[in-house]
1. Among 210-223, 236-249, 143-156, what's the highest-first ranking by average C-beta atoms within 10 angstrom per residue?
2. What FRET efficiency do you get for L89 and R162 if R0 is 22 Å and r is their Cβ-Cβ distance, rounded to the nearest 0.05?
3. If packing is taken as the mean number of other Cβ atoms within 10 Å per residue, what is the order of 43-53, 128-138, highest first?
4. When you count, for each residue, the other Cβ atoms within 10 Å and take the mean per peptide, how do 177-187, 225-235, 25-35 rank with the highest first?
5. Pairs K50/K139; K117/K206; K139/K237; K206/K260; K46/K117: which exceed 23 Å Cα-Cα?
6. Using 7 Å Cα-to-Cβ label points, what is the I40/I207 separation (nm, one decimal)?
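The numbers here are math on the coordinates, done by the rules we state, and not lab data. Treat the numbers as computed from the prediction; the structure is a model and nothing was measured. FYI the Cβ positions are ideal-geometry reconstructions off the backbone, even for glycines, and counts take in every protein chain you see.
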Amino acid sequence: MVLLECLFRLKYFGSFLVSQDNSLRSALNSIFWLSCLFGIVFIYFKRLLKGLLRLGRLQGRNFTQIAQYLWNICFNATAMLFLTLYRILLIRPEDASNKYFPQYNNVIFASTCDAGKFEVITLVLVAFEVVTVVLHLSKCDYSEAFSNALYGTLLMSCLWLRLETYSMLLSFYVAMYRAFRELLLLCSSQMDAAPHTHLTFVVTVKICTWCYLFLNLLPFEFLIPTLNARKDHFPLKVWFWLWYCSCIWNSPLLKLLYHKIYHTYPYDCAGGASAVRCILSDDWQRFRHFRNLEHAFCELKLHLSKENVHPAHTNESPSAQATAFQTIKCVVALKRKLKRLRENRELQRLKDE
């Protein structure tokens, strides 16, 4: 009864988020303020979790990554539970009581039974997608950010067309998949010293989960019915097709294929020579930064060696070249030393306790 009462209280919460004009400007304004609220909550969630993780045997470099994994797991698990209750308590009784529902039409294209509650839920989901896009952009993960932006646009098109069953069922599947995916990534982030067979098992489960959703459920329950929908659902067709293609592009299968083709040397990949670690890697920005520093260091070292062999062909000051060489060398050494100091400080603190 408490859960049912919470569901019916959505209309009172919606009065604070959505104005009476139901315009696009009002929806964007609500999404903006909800995104700001989610961002503030995430910042305090990360600080609280960082204080708790310092009590454990975890290195400081993992705090932000673990916080993002747990943040996504908490939200998607909550969304999955809430959407399940919403479908059981509100959508299914409405469909069962509709005696004149045309049976030859697909049930996912049924119109909304309560526009106010549906709008509030959609705005909350889209606001979370906006925060996720910002987090992906901060890590320079543009393909994932683009996919999340397309998914948010798809949910807004469902809101515009009033396809409540379509949106709720799709959101449930996506939330279930993301919660399970983030849980696997969280487990793999703590397996740095684990045997290769454990990581292989995690990647296999991740690939099987992705194939079950995007190659089994979505094509037959959503993709084919959407492509065969009426002409007035054309925006839904476009956004669903774009989002589905972006999910295929970011799939672990294509990551595996990309690793086999382009990562011919361990230097080219954040996971080294391991395809399993490449699929599970989520720190490409840091990897590219260190790779660029080492590349500049090697190029300058090669340039100085050539100048020493042919000193007559240079017009540059040797002191300037030596200064640049020493600067890059010091930057690389300093970053590595700071990393070792942080790790040693954590170990010393644990020994003192």
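1. 143-156, 236-249, 210-223
2. Efficiency at R0 = 22 Å is approximately 0.65.
3. 128-138, 43-53
4. 177-187, 25-35, 225-235
5. K117/K206; K139/K237; K46/K117
6. Between I40 and I207, the label points sit 4.5 nm apart.
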